[in-house]
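In what follows, a single structure is set out as structure tokens and then discussed.
The values are calculated or read from the model by the stated rules, or taken from the named source; none is laboratory data. Every value quoted in this text rests on a predicted model; they were computed, and no experiment measured them. Note that we place each Cβ from the backbone using ideal geometry, even for glycine, and neighbour counts take in every protein chain shown.
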Amino acid sequence: MTTISVNLPQTTYDIVIQPGGLDTLGQWMQQRQLGGKVLLVSNPQIFKHYGDRAIASLEAAGFHVAACLLPAGERYKTLHTLQKIYAAALEHRCERSSTFVALGGGVIGDMTGFAAATWLRGLNLVQVPTSLLAMVDAAIGGKTGVNHPQGKNLIGAFHQPRLVVIDPQLLKTLPAREFRAGMAEVIKYGVIWDAPLFEALEAASRLNTYGGVEDSLCHTILTASCRAKAEVVSKDEKEAGLRAILNYGHTIGHAVESLTGYKRVNHGEAVGIGMVAAGQLAVELSLWDPESCDRQLALIQKAGLPTRLPIGIGITAILEALQTDKKVKAGKVRFVLPTHIGAVTITDTVPAETIRQVLQQMQANEYR
């Protein structure tokens with residue numbers, strides 16, 4: 001078992017990484033004296049695998065539990081779907097001392113977190129991520145929200161969890177495509193923060209399936225990624241500066257997600273595409289050496305992630321979508337660009353023509 005603390009000015013909470021941790025969820029929550037009523041939010045697929053175990057653990061610890069199941073998929077991450085959580089909270093008579101538990105991937109975590117931030121002006125939140133992407137990224141740091149038709153996560157709030165419980169054994173039922181999606185965020189941490197993690201990924205024979213990753217590497221992936229996220233968030237909780245580096249690959253990635261209607265490309269695949277673009281931009285601007293860019297590309301390919309733009313997505317549409325990104329400041333699009341493995345810089349001076357040129361190369365698959 002590994003425990004990583006996220007230390008913030010107003011609160012501190014733990015990330016518990018424990019094989020079999022789902023079955024001790026109730027004990028961990030009881031230790032933190034969370035309220036007696038729990039609303040467990042999940043989707044039907046995840047609940048089928050793990051819902052009964054989660055409820056059994058919570059009830060054994062004395063919690064009164066109700067469940068709310070939401071449809072699976074990024075396209076359902078909307079204000080309309082959010083109403084289901086509010087309705088369940090009202091029916092269950094949740095109080096300000098109650099706790100919302102998110103049992104699922106990033107979509108469930110984001111929506112449950114936003115509901116916890118807004119219902120009765122704020123309830124306890126516990127994250128129990130079931131996907132690799134959620135374990136290493138979405139469940140940590142307090143970013144919550146839903147999508148708007150014009151852009152991803154435009155509606156949201158910061159609401160830190162009281163606890164994050166990561167059970168690596170839950171990855172056994174994760175579809176291979178979703179595992180690959182999570183690897184995009186892991187590679188991101190290697191590029192922006194943790195060169196040894198990047199090198200450990202390079203040394204691995206396979207990264208595209210859970211079964212192909214050794215237990216020791218899986219432990220390294222989870223602990224190193226969670227520590228990186230915890231360290232960055234502890235230094236900058238609400239993205240006043242440093243935390244923006246966590247958006248590496250997300251600027252163009254979010255545009256691709258939005259333009260494909262959150263159906264053709266999942267979040268991790270879009271981030272992989274966005275990292276390829278960011279790496280190429282950094283080379284074009286002489287911020288990054290071509291060799292490091294090639295190393296990143298090789299890792300993204302090893303993880304089985306796409307490296308070119310989806311067919312049918314116009315470059316002009318991407319450039320227009322960038323203007324509605326929530327990271328735009330004073331009308332300028334901010335990019336996170338690598339300077340060497342383990343470090344990045346943030347800039348809003350990337351010429352539109354350079355962006356267009358890189359996107360054209362990616363469309364034709366002519367980049368490095």
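Answer yes or no: is there a residue in segment 162-171 that is more than 24 Å from G211 (Cα to Cα), more than 14 Å from the chain's Cα centre (by Cα) and among the hydrophobic types (A, V, I, L, M, F, W, C). Yes - at least one qualifying residue is present in segment 162-171.
Evaluation of A343 against the conditions (1) surrounded by fewer than 19 Cβ atoms within 10 Å (Cβ to Cβ); (2) closer than 24 Å to N266 by Cβ shows that the sole unmet condition is (2). From the list Q45, Q27, the lone residue that is under 24 Å from H219 (Cα atoms), assigned to a helix (DSSP H, G or I) and in contact (Cβ under 8 Å) with a residue 24 or more places away in the chain is Q27. When you check E239 against the structure, is it without any contact (Cβ under 8 Å) to a residue 12 or more places away in the chain, closer than 25 Å to K143 by Cα and in the same structural domain as P310 (by TED's automatic domain parsing), yes or no? Yes, satisfied. Within the bounds of segment 5-14, is there any residue that is in contact (Cβ under 8 Å) with a residue 24 or more places away in the chain, part of a helix (DSSP H, G or I) and either in the same structural domain as H219 (by TED's automatic domain parsing) or not charged (D, E, K, R) (or both)? No, segment 5-14 contains no residue that is in contact (Cβ under 8 Å) with a residue 24 or more places away in the chain, part of a helix (DSSP H, G or I) and either in the same structural domain as H219 (by TED's automatic domain parsing) or not charged (D, E, K, R) (or both). Within segment 266-281, not a single residue is over 18 Å from M183 (Cβ atoms), within 18 Å of the chain's Cα centre (by Cα) and assigned to a loop (DSSP other than H, G, I, E, B). Among the residues of segment 190-206, those identified as under 18 Å from the mean Cα position of the chain (by Cα) and more than 11 Å from A224 (Cβ to Cβ) are V191, I192.
Scanning segment 96-134 for residues that are assigned to a loop (DSSP other than H, G, I, E, B) and either of a type in the set (S, T, N, Q) or in contact with a His (Cβ under 8 Å, 6 or more places away or on another chain) (or both) yields S97, S98, G122, T130, S131. For segment 315-322, the count of residues that are more than 28 Å from E239 (Cα to Cα) and surrounded by fewer than 21 Cβ atoms within 10 Å (Cβ to Cβ) is nonzero.
For segment 336-349, check the following and say yes or no: at least one residue is without any contact (Cβ under 8 Å) to a residue 60 or more places away in the chain, hydroxyl-bearing (S, T, Y) and in a loop (DSSP other than H, G, I, E, B). Yes. Among the residues making up segment 283-305, those that are under 21 Å from the mean Cα position of the chain (by Cα) and either farther than 21 Å from L197 by Cα or assigned to a helix (DSSP H, G or I) (or both) are Q296, L297, L299, I300, Q301, K302. Does segment 118-136 include one or more residues that are assigned by TED's automatic domain parsing to the domain that holds C293, surrounded by fewer than 16 Cβ atoms within 10 Å (Cβ to Cβ) and more than 18 Å from D14 (Cβ to Cβ)? So far as segment 118-136 goes, no, none of its residues is assigned by TED's automatic domain parsing to the domain that holds C293, surrounded by fewer than 16 Cβ atoms within 10 Å (Cβ to Cβ) and more than 18 Å from D14 (Cβ to Cβ).
Per-residue answers, yes or no, for (1) touching a Lys or Arg at 6+ places or on another chain (Cβ under 9 Å); (2) modelled with pLDDT under 95; (3) within 25 Å of R295 (Cα to Cα):
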| position | (1), (2), (3) |
| --- | --- |
| M111 | yes, no, no |
| G151 | yes, yes, no |
| Q160 | no, no, no |
| D167 | no, no, no |
| F179 | no, no, yes |
| G190 | no, no, yes |
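Of the residues making up segment 280-329, those that are in contact with a strand residue (DSSP E or B) (Cβ under 9 Å, 6 or more places away or on another chain), more than 19 Å from T349 (Cβ to Cβ) and at pLDDT 90 or above are D289, S292, C293, Q296, A321.
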